[in-house]
Amino acid sequence: MMRKNRIASAIVLLAPLCYSTNLLASQLTVEQRLELLEKALKDTQKELKKYQDQERKRDQIWASWSPPAEGQKRKTGGATAGPKTAVKPDAVLVKNQQPVTDGAPAYSAMTLKDFSKFVKDEIGFSYNGYFRSGWGTASHGSPKSWAIGSLGRLGNEYSGWFDLQLKQRVFQEGDKRVDAIVMLDGNVGQQYSTGWFGDNAGGENYIQFSDMYVNTKGFLPFAPEADFWVGKHGAPKIEIQMLDWKTQRTDAAAGVGLENWQVGAGKFDIALIREDVDDYDSSLSNKQQINTNTLDVRYKEIPLWDKASLMVSGRYVAANQSSSEKYKEGNEGYYPWKDTWMAGTSLTQKFANGGFNEFSFLLANNSIASSFSRYAGSSPYTTFNGRYYGDHTNGTAVRLTSQGETYLRDDVIMANAIVYSFGNDVYSYETGAHSDFESIRTVLRPAYIWDKYNQTGVELGYFKQQNKDVTGKKYNESGYKTTLFHTFKVNTSMLTSRPEIRFYATYIKAKDIDLDKAANNTTSIFEDGKNDQFAVGAQAEIWW
């Protein structure tokens, strides 16, 4: 529009000149004609500059980072007599448009956050991640974690875990979209200054591609809104964050799946996944590869009542064995593969004050039930540290969980993780086949909220587990943990806001260690033959 105005103005200004020039053309020399044209050009340039200055005043764009003054806030906060004055928004790109009828300028705005999102969407690339890192020292030499999956992780973990995700949109047309997604995860050692990947003493430094898949939308006529993916990718994980293990976890070597398919009131997820395992013999020194496939099905986000939703889930893992693999199981002492399954439901209740709580019930058999019996980490694996072994006899295990956080007052928040488990006739990695077990683990984390950026609190953890082997002998494992902490935060939520920097002092006491003795032939947990430890440290945790 501005260009058109400039051209029209130039034509209007030059028209009289052209007319008068035609009349005098026969009377003027060439030099005189050039002089007149030069003067007319200068006049035209002055007029154009005047229009440009007017346009700049009408259409200014600038970045503003400073918040309005307190006086300005009070002025605009209530009703005032006379014309209303528009207030320029904070931290925005602002367009100053033509004045409105009462003389006050009208503002239209795009925040810098929105602008950044627009640029990111336009490029189609995103980089997301997570890591934790920190320093710690203890009363008996190097600090050591113990029973994180039962006592809680705050002040009890000394690893440098990371997840890094790269996502690139490669196609978008109408409602169809294709993304390439890669996830790297692993651990960076926190003990030695050098930590080369591959130099993996103590299991400290390693890296892997946990995801490498193509995700699409809009290609399935019956589910245009769903995510359809192919490649190395597992079903979504659901974590008990304070205990650092998952209630839902299906790892994958490769697979195909559908997520967020709207079916009725809820959404449907289904995945068919390959995850081969190493099957060991009774000496645990020889192994063979067995091909297994998992079907993971979930119906989620089923609305119940206000701010409450339900999920039901099922998972079945079956082997696709060759004749030679079956022969080794029957004749060379290899543990026979047994199909395994897990089924359950979970209820999530969100609170009006911003908190939430999730309750789940899970039932499993065979090797997944064996994972339920672990006190250190209890994710529903089909193997133990990647190794499949044990005489599984279709024993079952049950798990009930609660996790969440709530604001007891405006300045007091408390997070919780409570797990009750029991099983019958399961294979225990500590007490062997035909074991029964029962366990309770409880972690509470109350804190005082000084402000949005500071909290001081305590994490209290306790657990007790009893196993009974095939002979009826009982094994007890129990302990407690107390962690005093102060955190620097960016929001008040304990479980959903990061980054977070923690300063802590932790005391851990291992009361009964029968399962450790059975599995590792040890008489103590910590250095110097001690079963307790006092540690102090600082840790940073971040996701983006």
* **For peptides 405-411, 434-440, sequence by mean Cβ density within 10 Å, most packed first** => 434-440, 405-411
* Using mean Cβ contacts within 10 Å as the protection proxy, how do 181-193, 265-277 order, highest first? -> 265-277, 181-193
* Asked: Going by how many other beta carbons lie within 10 Å of each one, how would you line up ILE302, ILE513, fewest first?
  -> ILE302, ILE513
* segment 524-539-segment 382-431 distance, computed between alpha-carbon centres (Å) -> 24
* Please compute the net charge surrounding GLY186, taking Lys and Arg as +1 and Asp and Glu as -1 over other residues with Cβ under 14 Å from its Cβ. => -4
* For segment 429-435, Karplus couplings with θ = phi - 60° (6.51, -1.76, 1.60), whole Hz, Gly/Pro x -> 6, 9, 10, x, 6, 6, 8
* **25 Å Cα-Cα reach of LYS49 towards lysines, excluding residues that sit fewer than 8 places from it in its own chain** => LYS4, LYS39, LYS57, LYS95
* PHE171 to LEU284: FRET efficiency via 1/(1 + (r/R0)^6), r the Cβ-Cβ distance, R0 51 Å, to the nearest 0.05? -> 0.60
* Asked: List the lysines whose alpha-carbon lies under 19 Å from that of LYS326, not counting same-chain residues fewer than 8 positions away?
  -> LYS287, LYS338
* Structure fact -> Output ordering of 251-261, 281-291, 131-141 (per-residue mean of other Cβ within 10 Å, highest first) is 251-261, 131-141, 281-291
* Asked: Where the centroid of each part is defined by its Cα atoms, how far is segment 249-276 from segment 463-495 in Å?
  -> 31
* To do: Rounded to the nearest 0.05, what FRET efficiency do ALA265 and LYS350 give with R0 = 25 Å and r taken as the Cβ-Cβ distance? Could you check?
  => 0.90
* Structure fact -> Rounded to the nearest Å, the spacing of the alpha-carbon centers of segment 356-381 and segment 281-348 is 13
* Structure fact -> Semi-axes in Å, largest first, for segment 434-523 (Cα gyration tensor, √(5λ)) are 37, 13, 10
* Distance violations [Cα-Cα > 18 Å] among LYS481/LYS509; LYS237/LYS307; LYS144/LYS530; LYS237/LYS452 -> LYS237/LYS307; LYS237/LYS452
* Asked: What's the local net charge at SER210, with K and R +1, D and E -1, over the other residues with C-beta under 9 Å away?
  -> -3
* Set of aspartates and glutamates near LYS232 by C-alpha distance (under 17 Å), chain-local residues within fewer than 8 positions excluded -> ASP163, ASP179, ASP185, ASP211, ASP251, GLU259, ASP269, GLU275, ASP276, ASP296
* Residue by residue through segment 536-544, which ³J(HN,Hα) values in whole Hz follow from phi under the Karplus form 6.51 cos²θ - 1.76 cosθ + 1.60 (θ = phi - 60°), with glycine and proline marked x? -> 10, x, 9, 9, 10, 9, 8, 9, 8
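A short reminder: the numbers here are calculations on the coordinates, not readings from a lab. Keep in mind it's a predicted model, so treat the numbers as computed, not measured. Using ideal geometry, Cβ is built from the backbone for each residue, glycine included, and neighbour counts are taken over all protein chains shown.
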